[in-house]
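First the structure, in the form of structure tokens, and then the observations on it.
The values are calculated or read from the model by the stated rules, or taken from the named source; none is laboratory data. Treat the numbers as computed from the prediction; the structure is a model and nothing was measured. All Cβ positions, glycine included, derive from the backbone under ideal geometry; neighbour counts span all protein chains shown.
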Amino acid sequence: MHYVLCILAKAMAKTVAVREETWERMKKLLEAGDAKSFDELIRKLIDQSLRVPRSMFGVDKNRKVQFTLREHEEITRDAH
């Protein structure tokens, strides 16, 4: 059985089909208070997956700034 997840994005709803197991896991994350809506939850998960691991920054890994993979690649493009 599949669930359909509808997300409102700027007055336009989008539908995403997910497996029941995925639906249940997302509901648990939502109930844990990680987000106030499925849209916010999905955005947080996407942001987490796009972050560059601190271990990739060498001497700069303890800086307070966090970059996405795209930002890191842009900054270090000429260094490679």
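Within the option set ARG25, ARG70, ARG63, ARG54, being of a type outside the set (Ser, Thr, Tyr) and modelled with pLDDT of 85 or more holds for one residue only, ARG25. Of the set (1) closer than 28 Å to GLU73 by Cβ; (2) touching a helix residue (DSSP H, G or I) at 6+ places or on another chain (Cβ under 8 Å); (3) modelled with pLDDT of 85 or more, all apply to GLU40 but (2).
Here ILE7 clears all of (1) on the phi > 0 side of the Ramachandran plot; (2) modelled with pLDDT under 85 except the condition numbered (1).
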